[in-house]
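Here's the structure we're looking at; comments come further down.
The values are calculated or read from the model by the stated rules, or taken from the named source; none is laboratory data. For clarity, every value in this text was computed on a predicted model and none was experimentally measured. Here the Cβ positions follow ideal geometry from the backbone for every residue, glycine too, while neighbour counts run over all protein chains shown. Just so you know, the surface numbers come from the protein's heavy atoms only, side chains and all, with ligands and any DNA or RNA stripped out. Shrake-Rupley method; radii C 1.70, N 1.55, O 1.52, S 1.80 Å.
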Amino acid sequence: MSATRKLWTGLAVLLAASFAVLLWVGNEIHRQMPPLPSAVITSEGETVFTRADIERGRQVWQSIGGHQLGSIWGHGSYVAPDWTADWLHREAEAWLDLRTQAVSGQRWSELEPALQAAEQARLQPLIRANTYDAERDVVVIDPQRAQAIATVADHYVRLFGNDPDFVDLRRAYAMKNGTIADPERAQALTAFIWWSAWAAVTERPGKTITYTANWPHEPLVGNTPPPHLLLWTVFSVLFLLAGVGLLGWYYATQREEHPDKLPASDPLAAIVVTPSMKATQKYFWVVIALFLTQILLGALTAHYQVEGHDFYGIALSEILPYSLTRSWHTQLAILWIATAWLGMGLYIGPAISGHEPKFQRLGVNVLFVCLLIIVVGAFAGQWFAVMQKLGLEHNFWFGHQGWEYVDIGRFWQWFLFIGLGLWLFLVGRTLVPAIRRGGEHKSITLLLFLSTVCIGLFYGAGLMYGEHTHLSMVEYWRWWVVHLWVEGFFEVFATAVIAFLFAKLGLVRAGTATAAVLFATIVFMAGGVLGTLHHLYFTGTPTAVIALGASFSALEVVPLAFIGFEAYHTFKLSRATPWMERYKWPILFFVAVAFWNLVGAGLFGFLINPPLPLYFMQGLNLTPLHGHTALFGVYGFLGIGLMLFCLRGMKPHVQWNEGALKTAFWALNIGLIGMALMTLLPMGIIQLVAAIEHGYWYARSEHLMQQPIIQLLVWLRVPGDVIFSVGAVALGWFVLRLWVAPRKAPLPVKDALPAEH
């Protein structure tokens with residue numbers, strides 16, 4: 001069996017085993033997730049909530065932006081509180097007040113510390129007790145607890161409504177006045193938030209940990225890290241060290257093979273740009289437009305953290321509230337990067353096979369129109385939803401689903417899924433002839449085709465849940481999209497494309513490139529598939545999720561630890577021969593990808609991924625520290641680099657504006673560093689200390705987030721954001737000048753003879 005065939009067999013076995021385990025975990029989540037009772041009643045028979053109330057409350061929560069306005073179980077945005085933690089703390093305090101006032105006539109906070117501790121100790125077994133009656137399908141609670149629930153519910157109804165006494169608090173949370181204008185809807189919302197807090201404090205049957213593994217940290221009710229979090233954190237570090245050691249040994253024993261002679265001229269220059277390849281140019285125009293719009297919305301979203309309702313005194317939240325601008329900002333991040341990759345796929349297909357199928361150009365244009373309709377339609381639906389102008393009965397299909405990164409309406413999700421199917425068909429029909437033809441590039445082309453299939457199909461995981469599917473199962477399937485689709489198969493696709501380009505350029509042997517890309521895919525997928533579970537530690541999942549997620553998410557970091565080799569190798573190839581100067585900037589963007597893979601995905605990712613650190617850090621600003629540096633630093637730069645490769649082929653005789661590209665490259669990198677180090681990292685550390693000392697609720701509360709030091713750190717983000725924006729504008733200017741008043745490149749001179757390699 002050849003080495004390549006062994007690698008293919010290993011990859012197939014790995015994926016089959018990994019997905020079998022991932023599906024088994026999904027079954028275990030479904031079997032052990034927190035119950036959604038038909039009713040919540042007092043021991044005296046009074047109904048507090050019904051299942052219909054809880055389900056309708058979730059519909060209301062989704063319609064106002066869901067994850068984009070605070071968070072539930074730690075997943076969502078960062079300005080408003082985590083509603084689970086906030087409710088849990090307020091309910092515990094309200095119950096303690098009722099208990100102490102009945103005995104001593106004093107509020108709990110007015111008691112001496114020793115008496116406070118005694119009352120707290122008496123409360124903990126009561127609030128943590130699992131009183132779910134499976135036979136009757138009801139949760140039975142103490143009448144005094146029902147009073148505490150009513151007190152907190154009143155707070156929430158007034159907060160989400162128009163009560164003038166809550167204006168300052170709404171401003172601190174960046175919530176527009178009248179977020180939920182209908183008091184009945186606001187009351188229903190309290191049922192859903194209470195249920196999420198109930199699951200977070202109620203112990204599993206026969207266990208001493210809650211449904212959310214004692215998350216959030218809340219000493220008041222005994223929510224502290226369970227011992228197994230430390231155990232699996234230690235194991236994750238051991239897995240990381242073992243993986244790094246094994247991969248280091250592999251690299252040390254491998255000998256790089258390069259061609260004996262490099263081509264005297266650019267092999268890609270011989271590729272004929274077909275009509276369908278030329279038609280992809282509009283995709284890259286849209287990439288720039290979406291990128292610039294995303295930055296504008298990001299600036300507005302960040303500013304709301306300072307003024308709450310206004311943008312320099314303009315009451316902009318009345319028409320563009322925070323939850324909406326953040327929805328669009330996060331969606332556009334995915335859309336412009338995906339559009340760059342989709343356009344590149346459509347361009348590279350005919351370039352690889354030399355085959356232009358019939359009506360290919362028409363298909364490229366139809367898909368482009370579909371993408372525009374999806375963006376405009378989905379964003380319009382979200383505006384109507386958040387502004388409460390769309391009924392709850394239509395919200396799930398045409399409005400705002402409320403799930404971060406997959407929050408467009410279900411109709412638009414189906415439309416996008418069909419569009420991806422069309423993209424798969426268009427790219428696949430150009431790659432199949434090259435696969436059938438065989439040759440030295442067959443394996444890379446086959447991997448490229450298979451990753452295209454996965455990109456087209458795995459977005460469908462976001463269609464596996466319905467409007468009333470249990471929250472734990474929604475999170476399970478949502479992370480299939482966010483982690484596997486975005487972070488998994490798009491990366492394999494890009495790795496295969498880069499390997500093909502370098503092999504086609506004659507910089508590496510095709511056999512070497514094939515083995516390298518297959519091995520890289522195996523290493524990445526070894527941790528990538530089951531590493532999905534590190535997002536699900538505290539979402540009502542069994543402890544097996546923590547064990548598997550901790551172990552395999554550590555392996556995700558292993559290939560990133562050696563990313564410097566890739567960066568050095570890539571940079572060395574870029575200087576191998578004079579004509580490679582044509583590809584200087586695309587390759588430099590690939591070098592930036594290598595850097596941010598190590599720092600953003602590796603360093604900042606492992607900072608938060610092990611179970612014990614994530615217990616305290618989930619949903620703090622250390623999460624967007626990883627998110628920004630990994631999503632843009634890796635996938636954004638990769639999309640730009642691939643786009644530049646395509647533009648070089650489309651415009652071979654146009655002189656590139658080196659100044660604009662240099663400005664774009666350095667400004668984007670420096671701006672991203674400034675944003676990370678000047679704001680997100682120090683703010684996240686301050687929140688982490690607060691979460692450990694006082695509880696998670698405090699780390700996300702207005703008491704901490706409105707302190708002067710936090711406000712200063714928000715303002716310190718401005719220099720980095722401005723520099724980053726300059727880079728984006730420079731990139732836009734570069735692309736514009738390729739079509740508007742372009743300068744012709746000087747006639748090529750004969751390339752110098754390549755040196756012996």
Practice item. Could you pull out the residue among 119, 93 that is assigned to a helix (DSSP H, G or I), without any contact (Cβ under 8 Å) to a residue 24 or more places away in the chain, closer than 17 Å to residue 218 by Cα and not small (Gly, Ala, Ser)? Key: 119
Review point. If you check every pair at least six apart or on different chains, which have Cβ atoms under 6 Å apart with a residue in the stretch 228-242 that is in contact (Cβ under 8 Å) with a residue 40 or more places away in the chain and over 16 Å from residue 602 (Cα atoms) first and a residue that is surrounded by 14 or more Cβ atoms within 10 Å (Cβ to Cβ) and among the β-branched types (Val, Ile, Thr) second?
Key: 232/546
Practice item. Go through the stretch 280-310 residue by residue and tally those that are outside any helix (DSSP H, G or I) and either surrounded by fewer than 18 Cβ atoms within 10 Å (Cβ to Cβ) or among the aliphatic types (A, V, I, L, M) (or both). Key: 1
Review point. Being part of a helix (DSSP H, G or I), at pLDDT 95 or above and not hydrophobic (A, V, I, L, M, F, W, C), is that true of even one residue in the stretch 100-110?
Key: no
Review point. Within the stretch 320-371, can you find the residues that are more than 27 Å from residue 445 (Cβ to Cβ) and in contact with an Asp or Glu (Cβ under 8 Å, 6 or more places away or on another chain)?
Key: 327, 330, 331
Check your understanding: Residues in the stretch 256-276: is at least one part of a helix (DSSP H, G or I), surrounded by 14 or more Cβ atoms within 10 Å (Cβ to Cβ) and at pLDDT 85 or above?
Key -> yes
Point to revise | Out of 595, 606, sole residue that is surrounded by fewer than 24 Cβ atoms within 10 Å (Cβ to Cβ), within 17 Å of residue 559 (Cα to Cα) and touching an Asp or Glu at 6+ places or on another chain (Cβ under 9 Å) | key: 606
Point to revise | the stretch 601-612, subset touching a residue at least 24 places away in the same chain (Cβ under 8 Å) and closer than 21 Å to residue 634 by Cβ, residue farthest from the chain's Cα centre (by Cα) | key: 610
**Study point:** Residue identified as outside any helix (DSSP H, G or I) and under 25 Å from residue 641 (Cβ atoms) among 467, 487, 440
**Key:** 440
Review point. What residue, of 616, 637, is surrounded by 20 or more Cβ atoms within 10 Å (Cβ to Cβ), out of contact with any Phe, Trp or Tyr (no Cβ under 6 Å at 6 or more places or on another chain) and aromatic (Phe, Trp, Tyr)?
Key: 616
Point to revise | Close pairs from the stretch 341-363: first farther than 13 Å from residue 425 by Cα and among the β-branched types (Val, Ile, Thr), partner at pLDDT 90 or above and open to solvent by less than 60 Å² (accessible area, probe 1.4 Å), Cβ under 7 Å, at least 6 apart | key: 352/431
Study note, to complete from the structure: Subset of the stretch 202-222, residues over 27 Å from the mean Cα position of the chain (by Cα) and crowded, with 23+ Cβ neighbours inside 10 Å, comes to 221
Study note, to complete from the structure: Screening 371, 335, 320 for residues that are open to solvent by 20 Å² or more (accessible area, probe 1.4 Å), closer than 26 Å to residue 482 by Cα and not in a helix (DSSP H, G or I) leaves only 320
Review point. Would the stretch 588-596 turn up any residue that is among the small types (Gly, Ala, Ser) and under 30 Å from residue 649 (Cβ atoms)?
Key: yes
Check your understanding: Would a scan of the stretch 246-254 turn up a residue that is open to solvent by less than 50 Å² (accessible area, probe 1.4 Å) and either out of contact with any Lys or Arg (no Cβ under 9 Å at 6 or more places or on another chain) or part of a loop (DSSP other than H, G, I, E, B) (or both)?
Key -> yes
**Study point:** Tally, over the stretch 180-205, of residues that are β-branched (Val, Ile, Thr), more than 11 Å from residue 34 (Cβ to Cβ) and not in a helix (DSSP H, G or I)
**Key:** 1
Practice item. Select from the stretch 172-201 the residues that are under 25 Å from residue 325 (Cα atoms) and among the polar types (S, T, N, Q) and write down the one among them that is most open to solvent (accessible area, probe 1.4 Å). Key: 177
Practice item. Scan 36, 14, 7, 23 and give me the residue that is in a loop (DSSP other than H, G, I, E, B), aliphatic (A, V, I, L, M) and open to solvent by 10 Å² or more (accessible area, probe 1.4 Å). Key: 36
**Study point:** Flag if residue 60 is over 28 Å from residue 177 (Cα atoms) and open to solvent by less than 10 Å² (accessible area, probe 1.4 Å)
**Key:** no
Revision key, fill the gap. Residues of the stretch 134-166 being closer than 16 Å to residue 195 by Cβ and either surrounded by 15 or more Cβ atoms within 10 Å (Cβ to Cβ) or among the β-branched types (Val, Ile, Thr) (or both), in sequence order, are 138, 139, 140, 141, 145, 146, 148, 149, 152, 153, 156
Check your understanding: In the set 213, 191, which member is within 26 Å of residue 473 (Cβ to Cβ) and in contact with a Lys or Arg (Cβ under 8 Å, 6 or more places away or on another chain)?
Key -> 191
Review point. Restricting the search to the stretch 67-90, which residues are hydroxyl-bearing (Ser, Thr, Tyr) and part of a helix (DSSP H, G or I)?
Key: 84
Exercise for review: Return the residue satisfying two criteria in turn: it lies in the stretch 643-700 and is modelled with pLDDT under 95 and charged (D, E, K, R), and of such residues it is surrounded by the fewest Cβ atoms within 10 Å (Cβ to Cβ).
Suggested key: 658
Practice item. Please state which of the following conditions residue 681 fails to meet, knowing it meets all the rest: (1) out of contact with any strand residue (DSSP E or B) (no Cβ under 9 Å at 6 or more places or on another chain); (2) outside any helix (DSSP H, G or I); (3) under 19 Å from residue 75 (Cα atoms). Key: (2)
